[in-house]
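Asker: Before I ask anything, here is the structure I am working with.
Coordinate-derived values only; no laboratory data. Treat the numbers as computed from the prediction; the structure is a model and nothing was measured. Note that we place each Cβ from the backbone using ideal geometry, even for glycine, and neighbour counts take in every protein chain shown.
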Amino acid sequence: MFRDFGLHSFRNKLILSFTSLTILTVGVIVLLVNTRLQQASEDKIEEDTRITLNVLKQFRQTQLQNSSDATAALIRNNPQLRASLAEFNEEELFEEGLNQEEQYQVLEDIVSDIQLFQESQIFIITDGQGVVLYQKASRALIKKDISQWPVIQTALNGDELFSWWGKGSPLYMDVPQANQRQHTPLYEVFFKPVTFGDNVVGLLIIGFDTSNQPSLIKTITLSDIAFFQNRHLYSSSAPPHLNSALENLASDIQAKEPRLIYPFEYAGEDFLALAHPVLNGLQDIVGTIVIFRSKTHELSFFEDLSNRLNGIGALAVFGGLIFALIIGRGVSHSVNILSKGAEEIANGNLDIVLPITSQDELGELTKTFNKMTTGLKEKEHITKTFKKYVASSVVDEVLKNKIELGGEKKEITIYFTDLANFTALSEKLTPEDLISFLNQYLSEMTQIIEDNSGIVDKYIGDAIMAFWGAPLDVPDHPHKACTVALQHKAWHKGFSQKWQDHPLISTITTRFGIHTGEVIVGNVGSERRWDYTIIGDSVNLASRLESLNKYYGTTILITEATHHALAEDLLTREIDLVQVKGKDKAIRIYELMAFTQEASSSQKMLSELFSQGRKEYLNRNFKNALQLFHLCQEKAASDQPTQIMIKRCQELLEIPPDDAWQGIQVMIQK
């Protein structure tokens with residue numbers, strides 16, 4: 001066959017063979033790189049859109065929680081609002097009382113200065129039958145009965161829920177358009193029942209414009225987002241010229257579950273989109289979120305690489321005709337390196353760096369390939385960052401590098417622990433046993449704290465200082481801290497059994513002090529070395545509280561501020577009204593006894609009797625108090641707080657206090 005083409009010499013055969021091999025090899029490399037990297041790019045787009053969806057879900061969940069907390073606080077802190085709505089319901093019942101204008105003015109006076117009222121675009125108040133009593137900036141709905149709407153019916157039954165209000169939603173045309181918007185807004189609306197006693201006396205309907213959410217999330221995730229309702233586009237982070245393509249896409253979206261929509265194209269640019277349904281409180285679909293990215297933009301770098309490969313392949317073919325052996329050996333070696341590099345990328349190894357073996361076009365191609373892997377690695381790092389930092393505020397700080405010296409005032413819960421009699425223990429253990437014990441003790445204690453959203457501030461010998469509520473907000477931080485204390489207490493029993501060979505360790509106990517209050521939290525230190533910590537009187541008070549366990553013979557003491565934030569699933573009892581050293585003001589302190597469901601009947605009875613005894617004691621009924629404390633002693637003979645109160649009652653019965661007595665115990669030691 002070679003002779004038919006006039007190729008009689010081995011050199012010519014080698015040139016043809018090398019040229020054919022070069023063409024084949026370059027073609028395979030180009031095909032392999034294009035195919036595998038294009039697939040990797042599509043997979044990356046899908047992963048990025050799902051990450052964006054998760055970030056958006058977290059953002060919307062935070063906003064809904066904030067709305068719930070804000071409306072709950074508004075209702076809780078405004079007894080006048082609840083009372084007025086209850087009165088209006090009664091007035092309707094007896095067909096007397098304030099007229100429509102007077103009712104409107106009463107509600108206007110109550111809510112007009114509230115921050116939530118000023119920030120929201122929709123603010124509607126109804127009575128307990130779903131009749132509108134008040135509407136912000138307009139009176140179009142006044143006296144209108146909206147109870148037939150299923151969402152309103154559910155809210156009037158006492159359930160809080162949310163929905164989207166778009167152009168086709170009920171009541172939308174009656175919603176005022178504040179600030180003369182130039183777009184058709186889509187509102188996120190929150191429905192909150194207002195109760196008076198056990199009755200629902202009205203509804204708060206609060207709505208916020210969602211128009212800025214797509215652009216806000218795009219600054220974090222780099223993915224474009226659009227909001228649809230009834231196949232109508234309301235807002236988008238994409239450039240305006242893409243809106244027509246999105247409108248066309250809306251007619252094809254039937255999003256029941258998150259899924260990739262077939263690629264859509266606009267002006268020669270290809271896109272991939274992910275659609276996700278938005279469900280209201282009744283689990284009805286009220287809108288669709290579409291997240292999309294440009295496939296053309298993602299592949300532009302790979303297309304440049306492909307063009308370079310094609311050019312270098314052509315050079316290799318022409319060079320092979322002249323320098324078959326030299327060029328063949330060099331090209332073969334370089335192409336093999338590129339092929340292995342492409343395989344490594346396809347297998348997920350982004351740490352690969354290809355050696356540059358020449359200064360020609362293949363060397364440039366290798367440099368470009370290395371730049372490509374660096375770019376992919378940086379994108380992978382961003383992806384992992386988003387997986388670690390869910391809250392948008394933390395992501396902003398990390399991406400913008402806004403870490404500086406300074407702090408902010410926040411209400412958090414501070415947590416101190418200390419091992420009882422540790423000094424005596426450390427003197428009797430060998431250094432090896434002491435270090436082994438401390439490392440295991442602090443490691444497992446720390447794990448429980450961090451598993452419950454806590455931050456360990458520092459270790460002070462055997463003591464631990466921790467807190468909840470910063471840098472990320474923890475809504476139920478007092479409850480979290482108390483739960484951890486009880487978990488630590490339960491864990492300590494099993495931990496002591498591991499050290500049965502060391503009697504001193506197996507009998508040792510841990511004391512806890514917990515306080516909720518304002519502190520300064522932030523980065524403290526120098527420009528060269530920082531420490532993220534908390535400072536303030538609340539920190540000192542929590543430390544003092546832990547030490548008070550020695551006096552009262554208790555294990556876990558909490559302040560009144562922490563106690564007020566707890567639910568009924570935790571069993572407590574008031575211990576005393578104390579003025580700790582260094583403080584002028586007395587505080588109530590409580591013992592955290594157990595989880596209510598796990599508490600024994602004796603513990604519950606002790607808590608009830610002791611609390612009754614404290615009330616009689618503070619009311620100067622010392623004889624009645626003494627009888628109750630004797631009953632406590634029958635339930636728990638070794639209970640030290642009971643013994644303390646019995647002694648005090650006996651002394652006060654002997655020598656009654658003067659009129660200035662308030663039952664405050666002044667502590668002269670820390």
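Asker: Using a Förster distance of 25 Å, how high is the FRET efficiency between Lys57 and Glu450, based on the Cβ-Cβ distance and rounded to 0.05? Kindly include the intermediate steps, with their values, before the conclusion.
Answerer: Working: r = 24 Å, r/R0 = 0.97.
The computed FRET efficiency comes out at 0.55.
Asker: Here is a further query. What does the C-alpha gyration tensor say about the overall shape of region 439-567? Classify as rounded when a/c is under 1.5, otherwise prolate if a/b is larger than b/c, or oblate.
Answerer: It comes out prolate by the Cα gyration axes.
Asker: Quick one: length gained pulling Gln359 to Ile668 fully straight, 0.36 nm per residue minus the C-alpha distance?
Answerer: Contour length minus Cα-Cα distance gives 103.1 nm.
Asker: May I ask you to order 57-69, 573-585 by the average number of other C-beta atoms within 10 Å around their residues, highest value first?
Answerer: Working: 57-69: 14.8, 573-585: 16.4.
Ranking the peptides 57-69, 573-585 by packing returns 573-585, 57-69.
Asker: What full-extension length gain, to one decimal in nm, is calculated for Ser526 and Leu216 as 0.36 nm per residue of separation minus the Cα-Cα distance? Please list the in-between numbers first.
Answerer: On the way: separation 310, 0.36 × 310 = 111.60 nm, distance 3.38 nm.
Stretched out fully, the Ser526 to Leu216 stretch lengthens by 108.2 nm.
Asker: With Cβ to Cβ distances under 13 Å as the rule, what net charge do the other residues near His515 carry (K, R +1; D, E -1)?
Answerer: Net of charged neighbours comes to -2.
Asker: Under the 0.36 nm per residue contour assumption, what length would be gained going from the current alpha-carbon distance of Ser436 and Glu102 to full extension?
Answerer: This chain segment gains 112.8 nm when fully extended.
Asker: Continuing with the same structure: Going by a ≥ b ≥ c, the root eigenvalues of the Cα gyration tensor, does region 511-594 fall in the rounded group (a/c under 1.5), the prolate group (a/b larger than b/c) or the oblate group?
Answerer: Prolate.
Asker: Less than 13 Å Cβ to Cβ from Trp164, Lys/Arg counted +1 and Asp/Glu -1: what total charge do the surrounding residues give?
Answerer: Net charge around Trp164: -1.
Asker: Count the net charge of all other residues whose Cβ sits under 9 Å from the Cβ of Phe191, scoring Lys and Arg as +1 and Asp and Glu as -1.
Answerer: Computed value for this residue: -1.
Asker: Once you've got the Cα coordinates, tell me which of Lys583/Lys623; Lys498/Lys647; Lys167/Lys295; Lys428/Lys493; Lys458/Lys493 are over 28 Å apart.
Answerer: With Cα atoms farther than 28 Å apart: Lys583/Lys623; Lys498/Lys647; Lys167/Lys295.
Asker: Hey, another quick one. Highest mean first, how do 436-445, 423-432 rank when packing is the count of other Cβ atoms within 10 Å averaged over residues?
Answerer: Those peptides, ordered most packed to least, come out 436-445, 423-432.
Asker: For the modelled label position 7 Å from the Cα of Phe422 along Cα-to-Cβ, which residues of region 547-573 have backbone nitrogen atoms closer than 13 Å?
Answerer: Residues 547 qualify, since their backbone N sits under 13 Å from the label point.
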